[in-house]
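Participant: Handing you this structure, nothing more for now.
The values are calculated or read from the model by the stated rules, or taken from the named source; none is laboratory data. Keep in mind the model is a prediction, meaning the values are calculated, not measured. FYI the Cβ positions are ideal-geometry reconstructions off the backbone, even for glycines, and counts take in every protein chain you see. Ligands, DNA and RNA are stripped out before the accessible areas are found, and what is left, the full protein with its side chains, is counted by its heavy atoms. Shrake-Rupley method; radii C 1.70, N 1.55, O 1.52, S 1.80 Å.
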Amino acid sequence: RAAAFYNDPDRFVALPAYEWTLSAPGMGITDHVPPGSGHRNVIFPSDEEAAKAINEARVIYHCRAEGSDRCDRLWQTLRARGIRAITIPHHPVIEHPMSWEFNDPDIETVVEIFQCRGSAEYPGCPAEGKHVTPFEGCYVSDALARGYKLGFIASGDHNFMGLGVAAVYVKEVSPEGVFEALQARRCYGTMGDRIF
């Protein structure tokens with residue numbers, strides 16, 4: 001309902017979404033990163049699709065709910081219920097280290113390579129944030145080294161809007177148009193520069 005309220009056709013597109021997070025115990029200060037862990041934004045093209053992500057117990061499919069307690073099981077549940085959604089790994093090396101052990105190229109099509117917390121491109125990259133995970137294998141370069149096909153976005157997150165910008169090349173200015181473009185990986189991210 002909130003996305004529908006803020007959606008202003010031809011001017012501003014709001015998509016229904018939520019954050020799914022499976023953290024390493026102690027917020028990443030442990031001896032390993034559990035398989036399938038990380039912080040992902042789950043994006044839907046419409047309110048109708050988002051409503052399907054609420055189970056019979058009236059609980060959204062989150063990291064502690066049966067059938068979505070790991071990212072691969074979340075993807076299986078989305079498929080089994082016929083829910084159109086994409087998941088976007090979100091600040092993969094800070095706070096919630098990303099495990100790249102699982103991949104679904106149809107649902108996880110893009111990754112947030114930069115945001116207000118810093119860059120997650122590769123270890124030691126320019127603009128890398130503070131407090132990065134001590135674990136290896138969590139960066140975007142690690143996902144690409146596995147052969148994953150990912151588009152890139154950037155964001156300001158809810159803390160510093162405008163610091164990172166996602167540019168999405170759409171066929172139409174609508175929730176469906178933005179969703180389709182993200183699904184097709186027609187996007188890029190900048191560190192705040194507005195490149196048209």
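Participant: Over all pairs of distinct alpha carbons, what does the Kirkwood formula give as the hydrodynamic radius of region 1-103, in Å?
Facilitator: Across region 1-103, the inverse of the average 1/r is 14.5 Å.
Participant: How far apart, in nanometres, would the label points at TYR18 and VAL173 be if each is projected 7 angstrom from Cα along the Cα-to-Cβ direction?
Facilitator: Distance between the two pseudo-spin positions: 3.1 nm.
Participant: At a 1.4 Å probe, what is the % contribution of carbon and sulfur to the accessible area of the chain?
Facilitator: After summing per-atom areas, the C and S share lands at 55 percent.
Participant: Do you know the relative contact order of the chain, to the nearest whole percent, from alpha carbon pairs under 8 angstrom that are 6+ apart?
Facilitator: Here the relative contact order equals 19 percent.
Participant: How much area per residue is accessible in region 102-189 when the probe is 1.4 Å and only protein heavy atoms are counted (Å²)?
Facilitator: 50
Participant: How large is the translational diffusion coefficient of region 76-196 in µm² per second when you combine the Kirkwood radius over alpha carbon pairs with Stokes-Einstein at 37 °C and 0.692 mPa s?
Facilitator: 221
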